[in-house]
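Undergrad: The structure follows.
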Amino acid sequence: MDQSKLKRCSASSSSSHAEAAADATDSLQKAERELDDSETEFNSRKKQKQEEETTEKKKKCCFGTKDAKGNNERTIFVTGFDTSGSRDEIRTALAAHFSSCGELTRVFVPVECETGVSRGYAFINLKQGVGEIEAALTLNGSDLRGRKLLVTMAKRRAEYYCHVNFKGCEICRAMFAAGRRRMTRWKTETGNGKFTHVSPEYKAMCRLHLEATKARKMAKSKTKEG
């Protein structure tokens, strides 16, 4: 065979191989880019879903609302009202009942996330000072829809500092941890001072909580020994 034909054939073959290799490389790079784009889109959707779930949890969790934070030395504590309604219904009823005392800036009704049931107490803040607080305290023993209210200063109540046996979410637990720290500081500052006006129901809950904690520790200890 003519040498020139062999060279042309060899060059053509090399060119075909080079083109095939280039096409394969392009295809591989294209596949990698598509894979990267797909992974980026997946991660973006996953992040968006997580943000939406967090937002939804905050909507359901009463401690995710703006009213959750705001307890201070002038906060009023209210209990004894009907707890069968929704959080908004209870808030509306309490706001109407205390509106004669002055302008309300906050009515916070803790509700359990898991059950959706009110804890049976609320925290109320008024815009102005001593006069409005005194007016609110005069409503102690007043009637609200057939129920007798207990109205006192929130700092005299254990619920101001923490919540016991609260069936809530991780947002709730973070708030409770902060409350326990406030309670520890309060005890340190007051020489391990005692709460006043603690309800029998709250004492019973504390006792049950303590007994359950002891039972868990004993069960855990037995498991380790076994």
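The values are calculated or read from the model by the stated rules, or taken from the named source; none is laboratory data. Computed from a predicted model, the values in this text were never measured in an experiment. A quick note on method: Cβ atoms are made from the backbone with ideal geometry, for glycine too, and the neighbour counts reach across all protein chains shown. What goes into the accessible areas is simple: the full protein's heavy atoms, side chains included, and nothing from ligands, DNA or RNA. Shrake-Rupley method; radii C 1.70, N 1.55, O 1.52, S 1.80 Å.
Undergrad: Yes or no: the stretch 80-101 includes at least one residue that is surrounded by 14 or more Cβ atoms within 10 Å (Cβ to Cβ) and part of a strand (DSSP E or B).
TA: Looking through the stretch 80-101, none of the residues is surrounded by 14 or more Cβ atoms within 10 Å (Cβ to Cβ) and part of a strand (DSSP E or B).
Undergrad: Here's a check for you: in the stretch 146-162, which residue that is open to solvent by less than 30 Å² (accessible area, probe 1.4 Å) and not in a strand (DSSP E or B) is modelled with the highest pLDDT?
TA: Let us first name the residues in the stretch 146-162 that are open to solvent by less than 30 Å² (accessible area, probe 1.4 Å), namely 149, 151-152, 154, 157-162.
Next, from what is left, pick out any that are not in a strand (DSSP E or B): 149, 154, 157-162.
On the way: Leu149: 96, Ala154: 91, Arg157: 85, Ala158: 77, Glu159: 81, Tyr160: 82, Tyr161: 74, Cys162: 70.
Only one residue tops the list, namely Leu149.
Undergrad: All but one of (1) at pLDDT below 95; (2) part of a loop (DSSP other than H, G, I, E, B); (3) open to solvent by 30 Å² or more (accessible area, probe 1.4 Å) hold for Arg173, so report the exception by its number.
TA: It is condition (2) that Arg173 fails.
Undergrad: So, in the stretch 131-145, of the ones that are in contact with a strand residue (DSSP E or B) (Cβ under 7 Å, 6 or more places away or on another chain), touching a residue at least 24 places away in the same chain (Cβ under 8 Å) and not β-branched (Val, Ile, Thr), which residue ends up surrounded by the fewest Cβ atoms within 10 Å (Cβ to Cβ)?
TA: Initial filter on the stretch 131-145 (in contact with a strand residue (DSSP E or B) (Cβ under 7 Å, 6 or more places away or on another chain)): 132-133, 136-137, 139-141.
Of the ones still in play, those that are also touching a residue at least 24 places away in the same chain (Cβ under 8 Å) are 132-133, 136-137, 139.
From what is left, the residues that are not β-branched (Val, Ile, Thr) are 132, 136-137, 139.
On the way: Glu132: 19, Ala136: 24, Leu137: 13, Leu139: 18.
Step by step, filter the stretch 131-145, then rank; the result is Leu137.
Undergrad: So which residues in the stretch 102-121 are at pLDDT 85 or above and open to solvent by less than 40 Å² (accessible area, probe 1.4 Å)?
TA: Gly102, Arg106, Val107, Phe108, Val109, Pro110, Val111, Ser118, Gly120, Tyr121
Undergrad: So Gln128 passes all but one of these: (1) surrounded by fewer than 15 Cβ atoms within 10 Å (Cβ to Cβ); (2) assigned to a helix (DSSP H, G or I); (3) more than 24 Å from the chain's Cα centre (by Cα). Which condition number does it fail?
TA: If we test Gln128 against (1) surrounded by fewer than 15 Cβ atoms within 10 Å (Cβ to Cβ); (2) assigned to a helix (DSSP H, G or I); (3) more than 24 Å from the chain's Cα centre (by Cα), just (2) comes out false.
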